[in-house]
1. For the stretch 1-46, give me each residue that is aliphatic (A, V, I, L, M) and loosely packed, with under 13 Cβ neighbours inside 10 Å.
2. Can you tell me which condition Arg25 does not meet? The list is (1) touching a Pro at 6+ places or on another chain (Cβ under 8 Å); (2) closer than 29 Å to Trp81 by Cβ, and all the others hold.
3. State which residue is nearest to Asp9 (Cα to Cα) when the search covers only the stretch 39-68 and only residues that are free of Cβ contacts under 8 Å to residues at least 24 places away in the same chain and within 10 Å of the chain's Cα centre (by Cα).
4. Looking at (1) surrounded by 17 or more Cβ atoms within 10 Å (Cβ to Cβ); (2) farther than 17 Å from Ala95 by Cβ, can you tell me which one Asn49 breaks?
Amino acid sequence: MKINASPLDYYSQYDEDSYFERLGRIPSVVSYRGVGHQLEIEFDEKKVNAEDCRELIALFCRYRNSLAPLRQLAKIPGNEWINNKQGFWYGEMFAGE
């Protein structure tokens, strides 16, 4: 599974390094790369679990990424909790659906 994240503004080189270091520590993230003006993140669907999803939501929130691309993770068995309308992420993640 691949998602495309919106481009980010980093405030320093260490800030950018920190983002990618944290993204790279998420076990289900296989790879990431810039594609045009997007960040393409590839996941191993068999490894995506609730903890990884929470980390991704936290990372995207901290760096003000749009949460919309992460809604694809709710389609993976075991991650249905992402569809919880009471979750702080729900409004932004599912806006327009």
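Every read-out reported here was derived from the displayed coordinates using simple, explicitly stated rules and does not represent laboratory data. Bear in mind the structure is a predicted one, so any value in this text is a computation, not a measurement. Glycine also receives a Cβ, built like all others from the backbone with ideal geometry; neighbour counts cover every protein chain displayed.
1. Narrowing the stretch 1-46 to residues aliphatic (A, V, I, L, M): 1, 3, 5, 8, 23, 26, 29-30, 35, 39, 41.
Result: Val35, single match.
2. (1)
3. Here the residue is Ala58.
4. (1)
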